[in-house]
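The values are calculated or read from the model by the stated rules, or taken from the named source; none is laboratory data. Just so it is clear, the model here is predicted, and its values are computed rather than measured. Glycine also receives a Cβ, built like all others from the backbone with ideal geometry; neighbour counts cover every protein chain displayed.
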Amino acid sequence: MSMAASGASPIEPQATTSQRQRWLFGVAMMGVTMPGQVFGVSLLFFYTDVKHLPPAWAALALTIYAFYNAVNNPLIGYWQDRTRFRLGRRIPWLRYGAFPFMIMFAFLWLAPFDGATQPYALLAYFVVVIVVYDAINSAVGNAYYALLPEMFVNYRERTDVAAKMMIFLTVALLLGVALPPVIADRLGWGLMGILFAGVGLVAILIGQSGMAETGVAVEPEMTFLQALKHIIANRSFMTLTVAQTLRFVTTNSMATGMLFFVKYTLKIDGAQTGLILATAFIVSALMLYPWRQLVANRFEPRVTALLAYAVVALGMLPLWFVNDLRGMLVAATFIGVGFAGIFLMDNILLSDVIDEDEEWTGARREGMYFGMNGMVITLSTAIVSVVFGAVAQIYGYDSTLAEQPASVAQGFRIFMTFLPFAGCTGAFLVLQFYPLHGEKLVEMRRKLVQMRKLR
């Protein structure tokens, strides 16, 4: 479907934000997402390989975290939709929640126990800190993402700010993936956590200075269960969320497995992990505007996302054959091209779903929708954790051993190849059933513009 049928058409509302606001909104993206990048790439490695927590126990803790996160996301979103502060529904969470968010992030890396001598104490510490961290993380992150469809009201405005967000996401990825092992080697994991917490805090506080809430639409009087039932009945939302959950299986498995794949399968210096991931992220950043100009501005969101899923799925296959750094860098380049399209479209697709809900109900319920989306997507963490634990056990990985058995190399190759490929392939297939495209998308946008004019 071309842009003539679906993109930034004359029926859409006029943009209401300045370039300065869009850049500042992007800056906040770095602060909101960087802790998650460090978390996703280094946390499992830190607690198993550094702190010697048995892999099965670590997988159990992350599975508990995933299900806890799945419950708290929609509850927090529902609460934020219905809460009224002087500064609005979202901005206070960013302004006053950023500091405790970063404090708890730092505590993740300050574990005082060692799994070799105090495994139960380390497990208890891990679970308690991760639960508190996640509650605050969900509140801050949900408030940030919920502002996107409210502040940025048409497709071109959203793709513009999404590209800026992804630039700063790329910075967060580069810093969060490449630097933690380097800083930890020199200064220790605890100081690494404190440094990243400080950078994240500054980014959020700078970014929120350019944010604004419209305050035009209110949440209808629904109980939590009524709101939940209404959202689950939304076919556009459920189809998109299942697809995004599968795509997060891809990104989470890559983030979780990369250090292990580089160290035990490729048998190259673990410091090269940063170079590999940096290659993918830099390529992603460089491809953002080509994706926006050549694909997103010509085709509707669904088509753009389908193309991106296909590119990433195909990019996973060479990992089965890669045996050295050069081959890994080539594969990372190809994967990075596809990730640019995925990162660009994720929140734009969900913003369309939220617009559709407003057209149905007359209310803006970004918090509930992003919370529910986060709930289901977080299940990808449980999937990846369970598969990681199974692969580690089947192929003999033991964090207490000085030298791993030869079978471990094959296990991590399987983990890094087949799980990411299955995730993006599944996302591509599920998105075929996403109904909000073509004439239906055009008609929804037309009705929404007319409805807003009558307010």
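Listed by first and then second residue, the pairs with beta-carbon distance under 7 Å, at least 6 apart or on different chains, first residue in segment 48-66 and farther than 18 Å from A382 by Cβ, second surrounded by fewer than 21 Cβ atoms within 10 Å (Cβ to Cβ) and among the charged types (D, E, K, R), are K51/D114; H52/D114. Meeting the requirement of 1 or more residues that are surrounded by fewer than 23 Cβ atoms within 10 Å (Cβ to Cβ) and in contact with a Pro (Cβ under 7 Å, 6 or more places away or on another chain), the helices (runs of 4 or more DSSP H) wholly within segment 110-225 are 119-151.
Cβ separations smaller than 9 Å between residues 6+ apart or across chains give the following pairs from segment 339-361 residues that are without any contact (Cβ under 8 Å) to a residue 24 or more places away in the chain to residues that are assigned to a helix (DSSP H, G or I): W360/H230.
Of the residues G77, G40, G31, G26, the single one that is of a type outside the set (A, V, I, L, M), in contact with a Lys or Arg (Cβ under 6 Å, 6 or more places away or on another chain) and in a helix (DSSP H, G or I) is G26.
Per-residue answers, yes or no, for (1) in contact with a strand residue (DSSP E or B) (Cβ under 6 Å, 6 or more places away or on another chain); (2) among the acidic types (D, E); (3) at negative phi; (4) surrounded by fewer than 21 Cβ atoms within 10 Å (Cβ to Cβ):
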{"residue": "A280", "(1), (2), (3), (4)": "no, no, yes, no"}
{"residue": "L294", "(1), (2), (3), (4)": "no, no, yes, yes"}
{"residue": "L319", "(1), (2), (3), (4)": "no, no, yes, no"}
{"residue": "G327", "(1), (2), (3), (4)": "no, no, yes, yes"}
{"residue": "V337", "(1), (2), (3), (4)": "no, no, yes, yes"}
{"residue": "G341", "(1), (2), (3), (4)": "no, no, yes, no"}
{"residue": "L344", "(1), (2), (3), (4)": "no, no, yes, no"}
{"residue": "S351", "(1), (2), (3), (4)": "no, no, yes, no"}
{"residue": "E356", "(1), (2), (3), (4)": "no, yes, yes, no"}
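Give me a count of the residues in segment 322-338 that are closer than 15 Å to V262 by Cα and in a helix (DSSP H, G or I). Walk me through it before giving the result.
Filtering segment 322-338 for residues closer than 15 Å to V262 by Cα gives 322-332.
From what is left, the residues that are in a helix (DSSP H, G or I) are 325-332.
The number of residues fulfilling the criteria is 8.
Does segment 94-115 contain at least one residue that is β-branched (V, I, T) and either without any contact (Cβ under 8 Å) to a residue 24 or more places away in the chain or over 24 Å from W189 (Cα atoms) (or both)? Write out each step before concluding.
From segment 94-115, those β-branched (V, I, T) are 103; that's our starting set.
In the following step, the residues that additionally are either without any contact (Cβ under 8 Å) to a residue 24 or more places away in the chain or over 24 Å from W189 (Cα atoms) (or both) were identified as none.
Within segment 94-115, not a single residue is β-branched (V, I, T) and either without any contact (Cβ under 8 Å) to a residue 24 or more places away in the chain or over 24 Å from W189 (Cα atoms) (or both).
Taken over segment 16-45, the residue count meeting the criterion of being modelled with pLDDT under 90, crowded, with 18+ Cβ neighbours inside 10 Å and over 19 Å from the mean Cα position of the chain (by Cα) is 2.
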